[in-house]
Amino acid sequence: MNVVIAGGGPAGMMLGLLLARAGVEVTVLEKHEDFLRDFRGDTVHPSTLEALDELGLAERFHQLRHRKVTTLNVPLGGGLAPIEAFAGMKVKFPYIAFVPQWDFLNLLAEEAQRYPNFTLHMSTPVRDIIRRVGKVVGVRCDDGREFHADLVVGADGRNSAVRQAAGMQVHELGAPIDVIWFRLTRHAGDQENLVFQLARGRGMVAIDRGEFWQCGYLIGKGGFDGWKAKGIEAFRRDVAQVAPMFADRTGELTSFEVMGFLEVRVNRLHTWHQPGLLCIGDAAHAMSPVGGVGINLAVQDAIAAANILTRPLLDGTLDDSDLAAVEHRREWPAVLTQRVQGILQRQAFDDKRTEGQLPALARFLIQRTAIPRYLAGRFLAFGFRPEHIQEIPR
């Protein structure tokens with residue numbers, strides 16, 4: 001049996017690689033001409049690093065330009081306090097690796113293309129699905145080409161064309177924030193690792209990328225046009241107020257046009273599958289950027305899907321129960337993660353919260369006894385259900 005995967009992001013590329021190495025015929029369709037896009041999620045957590053190690057790719061991954069982060073600098077007691085995220089945890093990779101997502105995806109693509117049964121088509125946006133007798137049997141692309149398959153996987157992100165074409169029902173959970181992305185120069189005397197700053201109604205996370213800080217500025221939902229109307233000078237002043245350590249370089253913010261904007265959407269499908277079709281990653285459950293777990297949840301979906309579907313695909317016995325098994329395994333980790341993100345988001349934008357302080361849940365997890373702090377680190381490292389790559393006998 002053969003598989004067509006719409007979307008060459010972390011979920012699609014990982015699933016394509018895993019199925020191809022097991023002997024399944026796989027075609028991945030990516031709408032862009034390359035993977036090079038700025039201000040994408042670049043956080044690779046220990047769960048994904050362990051998966052790469054199980055694939056024998058950990059060494060090659062670490063040869064990519066990357067930054068290891070072990071410490072979170074968070075507002076506590078009137079200043080920034082360093083918190084060791086993975087202290088006391090027995091984990092092979094006790095850090096978050098920040099790596100340009102295009103390098104990560106290129107690594108997966110290069111490894112997958114070693115297998116003759118793997119094909120990657122770039123600049124190939126999927127426009128529609130093809131049904132026959134109530135079953136999805138392929139996709140139709142913008143250029144008119146059709147790709148037929150025994151299984152179509154929608155891994156084409158939060159604006160999934162596949163799930164829209166299939167008429168799949170989406171449950172919108174809502175989010176109180178959007179994010180403005182920009183870069184600021186990193187100075188030699190700056191703190192390292194991650195920096196969080198919060199004020200009423202906004203906040204900022206700054207990711208240490210070596211030569212620069214990648215900054216995500218949290219604003220109230222729908223507030224981007226308002227900031228553009230106020231002008232870049234007003235925005236610079238606000239950045240300096242929220243994150244004083246960057247006040248000396250806000251002049252680098254020359255216009256809103258050089259920034260990225262993420263409209264945060266948090267949702268999930270009521271049902272992830274139809275006959276001949278399965279959605280995973282953001283196409284099944286769009287996540288908030290809180291915690292930077294989106295890539296890693298997508299990779300976990302891909303691993304679970306490969307573990308469950310490879311044998312039926314090789315045997316030619318794939319049916320709806322196999323697709324339902326993937327949803328059953330991965331739905332509740334996505335639901336729990338979204339709930340935790342929702343609590344943190346609401347508390348962060350609560351007007352009753354003390355100015356500059358973390359949300360109450362976050363303070364509890366990092367300030368109290370070792371057990372809550374360990375659980376917080378465990379959640380950040382592995383999520384609620386880490387997956388491991390299974391070797392499927394041919």
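The values are calculated or read from the model by the stated rules, or taken from the named source; none is laboratory data. This is a predicted model, so every value here is computed, not measured. Heads up, the Cβs are rebuilt from the backbone with ideal geometry, glycines too, and the neighbour counts pull from every protein chain shown. Please note that ligands, DNA and RNA were not included when accessible areas were found on the heavy atoms of the full protein model with its side chains. Shrake-Rupley method; radii C 1.70, N 1.55, O 1.52, S 1.80 Å.
Results, tabulated for the structure shown:
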{"quantity": "Spatially proximal lysines relative to Lys230 (Cα-Cα < 25 Å; intrachain offsets below 8 disregarded)", "calculated": "Lys221"}
{"quantity": "Euclidean distance of C-alpha centroids, the stretch 224-294 and the stretch 82-156, integer Å", "calculated": "22"}
{"quantity": "Ile343, Ile130, ranked by accessible area, largest first (probe 1.4 Å)", "calculated": "Ile343, Ile130"}
{"quantity": "Percent carbon-and-sulfur accessible area, the chain, ignoring ligands, DNA and RNA, probe 1.4 Å", "calculated": "51"}
{"quantity": "Exposure of Arg67 as accessible area (Å², to 10), given a probe of 1.4 Å and all protein chains", "calculated": "70"}
{"quantity": "Kyte-Doolittle mean at least -1.0, axial Cα span of 30 Å or more - DSSP H helices of the chain", "calculated": "294-315, 320-348"}
{"quantity": "Residues of type lysines that Lys135 reaches as a straight line, Cα spacing below 29 Å, ignoring anything fewer than 8 places off in the same chain", "calculated": "Lys31"}
{"quantity": "Label selected from (i) 17.5; (ii) 19.3; (iii) 33.8, the criterion being mean projected area of the Cα convex hull in nm² as computed here", "calculated": "(ii)"}
{"quantity": "The chain - share of DSSP beta bridges that are antiparallel (%, nearest 5)", "calculated": "75"}
{"quantity": "FRET efficiency, Lys92 to Arg385 (Cβ-Cβ, R0 22 Å, nearest 0.05)", "calculated": "0.75"}
{"quantity": "The stretch 242-279: GluC sites (Glu not before Pro) in DSSP coil with no more than 14 other Cβ atoms inside 10 Å", "calculated": "Glu263"}
{"quantity": "Debye, to nearest 20: dipole size of the stretch 156-285, +1 on Lys, Arg Cβ, -1 on Asp, Glu Cβ", "calculated": "300"}
{"quantity": "Over the chain: helical MRE at 222 nm, DSSP H runs n ≥ 4 each giving -39500 (n - 2.57), nearest 500", "calculated": "-10500 deg cm²/dmol"}
{"quantity": "Computed lengthening from His270 to Glu84, 0.36 nm per intervening residue step minus Cα-Cα distance", "calculated": "63.2 nm"}
{"quantity": "GluC sites (Glu not before Pro) within the stretch 1-72: DSSP coil, no more than 14 neighbouring Cβ in 10 Å", "calculated": "Glu33"}
{"quantity": "Which of Arg158, Arg378, Arg339 is most accessible, then next, and so on - probe 1.4 Å", "calculated": "Arg339, Arg378, Arg158"}
{"quantity": "For the stretch 205-325, the fraction of alpha-carbon pairs in successive 5 Å shells from zero, as %", "calculated": "2, 8, 15, 16, 12, 10, 8, 8, 7, 6, 4, 2, 0"}
{"quantity": "Reachable lysines from Lys92, criterion Cα separation under 23 angstrom, eight or more residues apart if same chain", "calculated": "Lys68"}
{"quantity": "Modelled FRET efficiency - R0 30 Å, Asp103 with Glu252, Cβ distances, 0.05 increments", "calculated": "0.80"}
{"quantity": "Solvent exposure of the chain as accessible area per residue, Å², 1.4 Å probe", "calculated": "42"}
{"quantity": "Unit charges on C-beta of K, R, D, E only; dipole of the chain, Debye", "calculated": "1020"}
{"quantity": "For Lys92, solvent-accessible area (1.4 Å; no DNA, RNA or ligand), Å²", "calculated": "130"}
{"quantity": "Label-to-label distance, nm, for residues given as His121 and His328 (7 Å Cα→Cβ offset)", "calculated": "3.4"}
{"quantity": "Accessible-area order (highest first, 1.4 angstrom probe) of the listed residues Tyr217, Tyr95", "calculated": "Tyr95, Tyr217"}
